[in-house]
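The values are calculated or read from the model by the stated rules, or taken from the named source; none is laboratory data. Bear in mind that the values here come from a model prediction, so they are computed numbers and not experimental data. Cβ coordinates were reconstructed from backbone atoms using ideal geometry, including for glycine residues, and neighbour counts include every protein chain displayed. Surface accessibility is based on the protein's heavy atoms, side chains included, excluding ligands, DNA and RNA. Shrake-Rupley method; radii C 1.70, N 1.55, O 1.52, S 1.80 Å.
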Amino acid sequence: MKSLLKTAAIYIALGGAIWGLIALVSPARGEIVSHAVGDTFKQTIEIIVAVFIFIGLLQVWVPPKTIAKFLGKESGWKGLILASTVPIGIGGSLFTILPLVQTLLEKGARIAVAGAFITAWAGKLPLLPLEIHFLGWKFALVRLGLLVPSAVIIGLSLEKVMERRGKP
Amino acid sequence: MVAGVLLALSTVRDRKKTRAALIISGKVTLQVLPVLFFIFVLMGTIEAFVSKDTIAHLLGTGSGVPGILLAETVGSVALIEPAAVFPFSGYLRTSGASYGAIFGFVLAAILIGIATLPLEIKLFGPRFTLFRNVFTFILILLLALLVGMIL
């Protein structure tokens, strides 16, 4: 909690410092920055609050650990397909996802499942409202559509190169 | 709106869980909002100093493979919270960046991270880390070209 506040303070201070510096050196440019910050905040605050609520609800009702346990049990193609789709719904950053995937491997999941899991997690369904607002539903749809086969490809090719080393 | 309905539903089903969810939401807010503020300042700064023509030239539809590579590299290096990726991408889009370049930036920012490399190597070993990141980088490039053609 303390480090959370510290990081928050650093970001705010850093942003404020840049903003202040620009306004000091060139008031006209400082004005542009103020407008950009103000307008974007006004446009997005509602979506951002909604997304944050989604993330909280999702974490509690569908904990990532449950999903991992569920995926670890499945093997073969079924496991691979699940690993390429289910993680789309999980939030978090690489810092939280990587340890989760590692426990998956420890429990005996295939490397392909691990690789696919990480890739599919980039789907970021909880952030979908933000994506649609800023980039349009077409972009969001194409991105999600391409991500699922990508997860399969990354998973399988990763497994190939990792297994090659295991053989003499 | 939808979030409010879900929240109400969750409260009816289980008060304790809903409270836990709101605590998580609060933490996420504390974690992400300052980063967003920083990103917004950065967007304003770019707007104040870099003309839209420059962005359109570097990342626009005519920028091709070099434009995508640039977007991917920036995405990989940038220490950016996933939630901040989309607002920044939207800004790039209105500044004239192509959908292909934006696709490259978004996925590289989420999936490839200089900051997470040490953790990934520690957990999975150097070989896994190297190949995962390289494969991902190449695949994103190919898909970005495809996206550029579709959208």
The correct count of residues that are within 10 Å of chain A (Cβ to nearest Cβ), part of a helix (DSSP H, G or I) and closer than 19 Å to A:LYS124 by Cβ in region B:134-151 is 6
If you check B:LEU119, B:LEU36, B:LEU130, B:LEU22, which single one turns out to be of a type outside the set (Ser, Thr, Tyr), surrounded by 19 or more Cβ atoms within 10 Å (Cβ to Cβ), in a helix (DSSP H, G or I) and within 11 Å of chain A (Cβ to nearest Cβ)? B:LEU36
Going through B:ILE68, B:ILE55, B:ILE80 one at a time, which residue ends up being within 14 Å of the chain's Cα centre (by Cα) and either outside any helix (DSSP H, G or I) or more than 9 Å from every other protein chain (Cβ to nearest Cβ) (or both)? B:ILE80
When you look at B:GLY113, is it more than 9 Å from chain A (Cβ to nearest Cβ), within 21 Å of the chain's Cα centre (by Cα) and of a type outside the set (Lys, Arg), yes or no? no
Residues being open to solvent by less than 70 Å² (accessible area, probe 1.4 Å) and within 7 Å of chain B (Cβ to nearest Cβ): count how many of those fall in region A:20-33. 3
Can you confirm whether region A:110-120 contains a residue that is in a helix (DSSP H, G or I), open to solvent by 10 Å² or more (accessible area, probe 1.4 Å) and charged (D, E, K, R)? no
Criterion (closer than 21 Å to B:SER89 by Cα and open to solvent by less than 70 Å² (accessible area, probe 1.4 Å)) met by exactly one of A:GLY16, A:GLY38: A:GLY38
Output the number of residues of region B:39-76 satisfying the condition of being touching a residue at least 60 places away in the same chain (Cβ under 8 Å), among the hydroxyl-bearing types (Ser, Thr, Tyr) and open to solvent by 60 Å² or more (accessible area, probe 1.4 Å). 1
